[in-house]
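The values are calculated or read from the model by the stated rules, or taken from the named source; none is laboratory data. Predicted model, so just to flag it, every value in this text is computed and none were measured. For neighbour counting, all protein chains shown are included, and Cβ atoms are generated from backbone atoms with ideal geometry for every residue, glycine included. Side chains are part of the model used for accessible areas, which takes the heavy atoms of the whole protein and leaves out ligands, DNA and RNA. Shrake-Rupley method; radii C 1.70, N 1.55, O 1.52, S 1.80 Å.
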Amino acid sequence: MRSTQVLALALAPVPLASAINIISSNDDGWAEINIRQLFSTLTSAGHSVVLSAPADNKSGSGMSARDSSTDEAPSNRTDPCQFDSCPADSGPYGSNATDPRLNWVNSYPVTSIAYGIDTLSPQLFDGPPDLAVSGPNVGSNLGLAVYIAGTVGAANYAATTGGIPAIAFSGADGSSTAWDAEVPAYSSIYAELAAKVVERVVSGGTPYLPDDVWLNVNFPSVEGCSTADDFSFVLSRILTALPLTDDDVETCGSTRLPTENDVVGTDGCYVSISVGAADKSDADATSQGVVLEKLGDLLTCLP
């Protein structure tokens with residue numbers, strides 16, 4: 001009997017050293033193909049992922065919420081979910097019939113990720129998640145757009161209220177697409193790129209990110225960039241710096257980071273990664289420096 005147990009242990013798959021528990025949300029809806037593709041990609045990489053996203057498209061909802069802070073819970077649905085992904089009259093919350101890791105909330109992105117952190121994670125992870133990811137959003141969230149983006153709102157909430165390191169992902173290409181459609185090339189590439197960022201963030205160990213900051217990651221169009229390996233990542237800032245008041249970490253021979261718009265607008269295949277603060281402005285140079293060191297040689301300089 002003992003030899004059988006030893007053999008079974010020897011043949012059992014060895015978990016990845018950097019495999020973690022991840023809560024996933026967005027503002028395009030739980031049944032949109034981008035969030036499902038990222039779920040599959042992260043799961044295939046060995047991570048445990050629980051999806052908790054709005055039942056419908058809630059793009060542009062920012063930090064809107066119907067949560068415990070207002071004593072107002074998500075309301076019961078009367079119509080089917082987005083893409084007929086849940087039946088009418090199915091309550092305020094629901095999950096995929098065959099996979100309890102895929103969940104919808106009849107409310108906003110912030111409420112959805114809060115439900116994932118506070119309710120689903122204790123049930124399915126037996127504790128809080130290690131990391132929160134939001135998106136990839138259908139469409140870029142650059143510069144001032146962060147103030148109205150629900151994808152960013154979910155990541156911001158996770159980091160600043162939930163105390164969970166968080167990353168918001170957005171991509172320039174695509175349109176709202178059902179989970180069961182043929183996977184577009186952009187969706188696969190964006191999911192692979194997001195997984196690369198996640199792997200680098202967690203591979204160096206905890207803390208994954210400084211307290212109360214989150215990453216805003218924007219993927220450019222995949223036109224002319226046929227695989228994930230064609231892309232390079234650049235540390236950036238969300239907003240144009242104000243002279244004499246905004247400081248950035250020194251890198252690439254400069255004390256001023258390029259803006260997100262500068263990065264994704266540069267010819268080539270450049271992904272912007274910005275370090276956001278609690279108020280959705282740019283984090284300070286110290287926090288930027290921690291992220292710069294964490295991401296290491298994943299990052300490059302603009303030409």
Only one of these is modelled with pLDDT of 95 or more and more than 14 Å from the chain's Cα centre (by Cα): ALA55, ALA97, ALA65, ALA19. Name it.
ALA55
When residues of segment 184-203 are limited to those that are open to solvent by 60 Å² or more (accessible area, probe 1.4 Å) and of a type outside the set (S, T, N, Q), the one farthest from the chain's Cα centre (by Cα):
ALA185
All-but-one check, GLY224 against (1) modelled with pLDDT of 95 or more; (2) over 20 Å from ILE35 (Cα atoms), failing number (1)
If you take the residues in segment 236-251 that are surrounded by fewer than 14 Cβ atoms within 10 Å (Cβ to Cβ) and of a type outside the set (Ser, Thr, Tyr), which one is farthest from PHE219 (Cα to Cα)?
LEU244
Of all residues in segment 268-303, which are open to solvent by 30 Å² or more (accessible area, probe 1.4 Å) and basic (Lys, Arg)?
LYS294
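Give the residue, chosen from ALA97, ALA88, ALA132, that is touching a strand residue (DSSP E or B) at 6+ places or on another chain (Cβ under 9 Å), open to solvent by 30 Å² or more (accessible area, probe 1.4 Å) and either touching a residue at least 40 places away in the same chain (Cβ under 8 Å) or in a loop (DSSP other than H, G, I, E, B) (or both).
Being touching a strand residue (DSSP E or B) at 6+ places or on another chain (Cβ under 9 Å), open to solvent by 30 Å² or more (accessible area, probe 1.4 Å) and either touching a residue at least 40 places away in the same chain (Cβ under 8 Å) or in a loop (DSSP other than H, G, I, E, B) (or both) holds for just one of ALA97, ALA88, ALA132, which is ALA88.
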What is the number of the single condition among (1) crowded, with 18+ Cβ neighbours inside 10 Å; (2) without any contact (Cβ under 8 Å) to a residue 60 or more places away in the chain; (3) under 20 Å from ILE189 (Cα atoms) that GLY265 does not meet?
(1)
For segment 145-168, how many residues meet the condition of being more than 11 Å from SER59 (Cα to Cα) and either acidic (Asp, Glu) or in a loop (DSSP other than H, G, I, E, B) (or both)?
5
For segment 140-161, state whether one or more residues are farther than 30 Å from LEU242 by Cβ and open to solvent by less than 40 Å² (accessible area, probe 1.4 Å).
no
